[in-house]
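J.: Questions regarding the structure given below will be posed in turn.
Bear in mind that the values in this text are calculations on the coordinates, not laboratory data. Keep in mind it's a predicted model, so treat the numbers as computed, not measured. For neighbour counting, all protein chains shown are included, and Cβ atoms are generated from backbone atoms with ideal geometry for every residue, glycine included.
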């Protein structure tokens with residue numbers, strides 16, 4: 001990973017073979033917003049929430065990462081958690097998207113994050129099984 005900071009903004013380049021969302025969780029940020037992400041991924045697993053569970057779809061071949069957005073927060077236990085959505089493009093221009101479950105960087109991924117120093121992005125498990133966002137002022 002290559003990274004540079006400007007105030008509360010962090011620009012990151014993930015390299016071949018690094019894993020998402022693990023690489024972002026390893027940054028140790030308990031409150032950040034993923035503003036943008038582009039690049040390439042492979043071994044992608046993404047989901048669609050049907051109201052009861054995630055329907056998971058896998059795309060093993062390389063795809064263009066067209067957009068990545070979301071946030072990094074923490075569970076009540078202090079464990080980091082990432083809530084990320086993405087859109088990817090397949091050969092021929094077909095786009096797919098949903099909740100990022102896992103992926104491997106293929107060649108590169110370039111991301112911009114903004115830290116939120118005055119806010120805690122707390123995630124609490126809800127009856128649906130999802131972790132709802134409960135932002136708090138620090």
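J.: How far apart, in nm, are two points set 7 Å out from the Cα along the Cα-to-Cβ line at residue 120 and at residue 5?
T.: It works out to 2.1 nm between the two label points.
J.: Could I ask something else about it? Please give the contour-minus-distance gain from residue 22 to residue 128: 0.36 nm per residue of separation, less the Cα-Cα distance, rounded to one decimal in nm.
T.: Numbers: separation 106, 0.36 × 106 = 38.16 nm, distance 2.41 nm.
Gain on stretching residue 22 to residue 128: 35.7 nm.
J.: Ignoring everything except DSSP H segments at least 4 long, calculate the 222 nm mean residue ellipticity for the chain; use -39,500 (n - 2.57) per segment, divide by total residues, nearest 500.
T.: Numbers: 1 runs with 4 residues, N = 138.
About -500 deg cm²/dmol.
J.: Most exposed first by the Cβ proxy, i.e. fewest other Cβ within 10 Å, how do 59, 88 rank? Please list the in-between numbers first.
T.: Details: 59 16, 88 23.
Ordered by Cβ neighbours within 10 Å, fewest first: 59, 88.
J.: Tell me the label-point distance for the pair residue 38, residue 13, using the 7 Å Cα-to-Cβ offset, in nm and rounded to one decimal.
T.: 1.4
J.: Using a Gaussian network for the chain with springs between C-alpha atoms less than 10 Å apart, which of these wobbles most: 96, 55, 66?
T.: Result: 55 has the largest fluctuation of those listed.
J.: Using a 7 Å offset from the Cα along the Cα-to-Cβ direction at both residue 53 and residue 96, what is the distance between the two label points in nm, to one decimal?
T.: According to this spin-label approximation, the distance is 2.0 nm.
J.: What FRET efficiency comes out for the pair residue 79/residue 107, r = Cβ-Cβ distance, R0 = 30 Å, nearest 0.05?
T.: Values: r = 30 Å, r/R0 = 1.01.
My answer for the efficiency is 0.50.
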